[in-house]
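Asker: After the structure tokens below, expect a handful of questions from me.
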Amino acid sequence: MPKRKTILGEAGSIAFLLGNEAIARGAIEYGIGVAAAYPGTPSSEIIESLAAVANDLGIYVEWSVNEKTAFELAYAAAMSGVPSLTAMKHVGLNVAADPLMTSAYTGVRAGFIIVTADDPYMHSSQNEQDNRWVGLHAYIPVLEPANPQEAKDLTYLGLEYSEKLGHPIILRSVTRVSHARGLVRLGPLKPPRTVGSFPREPQKWAVIPAHARKMKIDVLRRWREIEDVFSGFPYNRIDDNNSNILIVASGIGYSYAKDALSIVGVKARILKIATPVPLPRKLVENAVNGVDKILVVEETDPVVEMQLKSILFDLNINVEVHGADYLGRRGELTIDRVAEAIAKIAGVSWSPPKPIEVPINIPPRKPVLCPGCPHRATFYALIMAARELGVDPIYSGDIGCYSLGIDPPFNAQDTITNMGGSIGLANGFSHTVKNRPVVAILGDSTFFHAGLPPLLNAVYNRAPMLVLVLDNETTAMTGFQPHPGTGLTATGGKGRKILIEEIAKAMGVDYVDVFDPYDVRRAVETIKTGLKVAMDGGIAVLVARRVCSLLAARLGLTRDRYFVDSSRCVGCSVCTNILACPAIVIGEDNKPRIIESLCSGCGVCAQICPFQAITKRG
């Protein structure tokens, strides 16, 4: 259970908080009663922080099985008059899109904040989607903080405005806000509201066509009201520096713009935007008065720029506007990118300082599975099983630590698209590619999140495949959060432990088995059996179960120690080239040696060494 109780600091004090911790603090300052999420970087610390204080405050916090379920839980709380929060990474909002789109129609009875932590530059994500577009699409206003202090304040204000307007609100953070630390002044905590009521009003909550047609009229009315209200939003403002250049800066773009203006030595009027959707029309009209050049600074897509140009057209104002054409629309903003754009629009000469040249050729280092990671052993067994059967499977991959199986020496992830996409795409491959077996590879948390519907589809429609579930008994990639297979809840309480193999059997899967990836020979034989089932037209589910090596170390589980007996070692490099454990390196004698401080004691290397040169220390 995470220990993030720093968010319980006293009112008036200053805390050094992560942006996500600041969001959690803003939520408890408002008095939320419910919070739910599915872990996903860069959003996970929000619920971790709330879970750590849930018992102290008496609020309900959970890790849900996926984002849609989390959204619906928090949405229902807000319907019942209990202020609530749901949080997810940007792609998680896609999973929650169905109830999200309808929530604007029904509205809410208490504050409801939807946190989307976007990931420009894709530090840990499969795409770079900008969820401010979702606000425009769904008629849900979007707030965008510039720093951790604003992350706290806008969370509070978002809940407050949501309750006043009776409408859900999205808080869009980005990696450099969620995962940056800053000094945050704490406000007082309101007593949480945890108990609500639900009046029977089907005409308001049951979105059948006859009701929804009337709701859409009200949605459009509220949207115009929100646009007017946002013109007076306290974190929107005009910094007037007596210039004919206007910088329109949204969210973290404001922080970059302020620094960049100082670096370049240019004066400009700044329209600071904390409400990019909808863009406050009246405030824009005031800001553009008397300027002839505008630069829009935002991360990543031209969401503000597009609305700004539309407003200027409606006002019949002809002014030069730049944004994505100067700054681009991919990756994170940087000081240099913003400074160059400001210099260009101001017509001054400026170029970024030359990077410091390091007279050392540092080799690139790819991310690798941890020493002793059970996934490494599973991938090794999978490759050996395929080799022994003489087959070349299609490896349909998924989102998790095991995505690293894409790299040599395993090369065992042919596709990686979305949560649950491993089994989903395997359904298609199995019906269209007839000469190769299909192996869907996904993790335990991912199986519960999005693996059940496509597996059920495979059984129902007879899509032959091997589903390999890598069960390391935690949600490792995002920080060891619990899931239904762990039997623990977000707050450390006991939940019902649900076994993946029992679900597979209940679904009617043809062959189900569980193996320990550290038992290499049995793992190979079990996977060979699963492959044969798939090649014979059946569906097999194999669960490779062994606790994550990092979690095992945290739990203090005992481990053996191994070393290389150089008198037996012939330098065949099986341990380094085929297993590729980072705890094994090549020594000066061109023979492998084990770095004892890194070794987790899994013993896999000892099992695969053809000369029995790796042995356990006595």
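The values are calculated or read from the model by the stated rules, or taken from the named source; none is laboratory data. This is a predicted model, so every value here is computed, not measured. In this analysis, Cβ positions are derived from the backbone assuming ideal geometry, glycine residues included, and neighbour counts consider all displayed protein chains. Please note that ligands, DNA and RNA were not included when accessible areas were found on the heavy atoms of the full protein model with its side chains. Shrake-Rupley method; radii C 1.70, N 1.55, O 1.52, S 1.80 Å.
Asker: If ARG522 satisfies every condition in (1) assigned to a loop (DSSP other than H, G, I, E, B); (2) open to solvent by 20 Å² or more (accessible area, probe 1.4 Å) but one, which is the exception?
Answerer: Among (1) assigned to a loop (DSSP other than H, G, I, E, B); (2) open to solvent by 20 Å² or more (accessible area, probe 1.4 Å), ARG522 violates only (1).
Asker: Mind counting the residues in region 460-497 that are open to solvent by less than 20 Å² (accessible area, probe 1.4 Å) and either free of Cβ contacts under 8 Å to residues at least 12 places away in the same chain or outside any loop (DSSP other than H, G, I, E, B) (or both)?
Answerer: Going through region 460-497 one residue at a time, the tally reaches 10.
Asker: Check THR576 against each of (1) surrounded by 14 or more Cβ atoms within 10 Å (Cβ to Cβ); (2) polar (S, T, N, Q); (3) part of a loop (DSSP other than H, G, I, E, B) and name the one condition it does not meet.
Answerer: (3)
Asker: In addition: Could you give every pair whose Cβ atoms fall below 6 Å, whose first residue belongs to region 275-298 and is more than 27 Å from ARG337 (Cβ to Cβ), and whose second residue is modelled with pLDDT under 95 and in a loop (DSSP other than H, G, I, E, B), counting only separations of at least 6 or pairs across chains?
Answerer: Filtered contacts from region 275-298: LYS282/SER231.
Asker: Given the conditions (1) under 30 Å from TYR60 (Cβ atoms); (2) touching a strand residue (DSSP E or B) at 6+ places or on another chain (Cβ under 8 Å), which single one is not true for VAL248?
Answerer: (1)
Asker: In contact with a strand residue (DSSP E or B) (Cβ under 6 Å, 6 or more places away or on another chain) and part of a strand (DSSP E or B): does that describe ILE270? Step through it out loud before you land on a result.
Answerer: On the way: in contact with a strand residue (DSSP E or B) (Cβ under 6 Å, 6 or more places away or on another chain): yes; part of a strand (DSSP E or B): yes.
Taking the combined requirement at face value, the residue satisfies it.
Asker: Here are some residues: LYS258, LYS204, LYS190. Which one is more than 22 Å from ASN147 (Cβ to Cβ), open to solvent by 60 Å² or more (accessible area, probe 1.4 Å) and either of a type in the set (Asp, Glu) or out of contact with any Phe, Trp or Tyr (no Cβ under 8 Å at 6 or more places or on another chain) (or both)?
Answerer: Details: LYS258 fails: more than 22 Å from ASN147 (Cβ to Cβ); LYS190 fails: either of a type in the set (Asp, Glu) or out of contact with any Phe, Trp or Tyr (no Cβ under 8 Å at 6 or more places or on another chain) (or both).
Residue meeting the stated conditions: LYS204.
Asker: May I ask you to list the residues in region 14-68 that are out of contact with any strand residue (DSSP E or B) (no Cβ under 8 Å at 6 or more places or on another chain) and over 22 Å from HIS90 (Cβ atoms)?
Answerer: ILE28, GLU29, TYR30, GLY31, ALA52, VAL53, ASN55, ASP56, LEU57, GLY58
Asker: Can you tell me which residue in region 362-381 is least open to solvent (accessible area, probe 1.4 Å), limited to those that are among the β-branched types (Val, Ile, Thr) and part of a loop (DSSP other than H, G, I, E, B)?
Answerer: VAL368
Asker: For PHE429, indicate whether it is touching a strand residue (DSSP E or B) at 6+ places or on another chain (Cβ under 9 Å), open to solvent by less than 10 Å² (accessible area, probe 1.4 Å) and farther than 19 Å from MET384 by Cα.
Answerer: On the way: touching a strand residue (DSSP E or B) at 6+ places or on another chain (Cβ under 9 Å): yes; open to solvent by less than 10 Å² (accessible area, probe 1.4 Å): no; farther than 19 Å from MET384 by Cα: yes.
So PHE429 does not fit the description; no.
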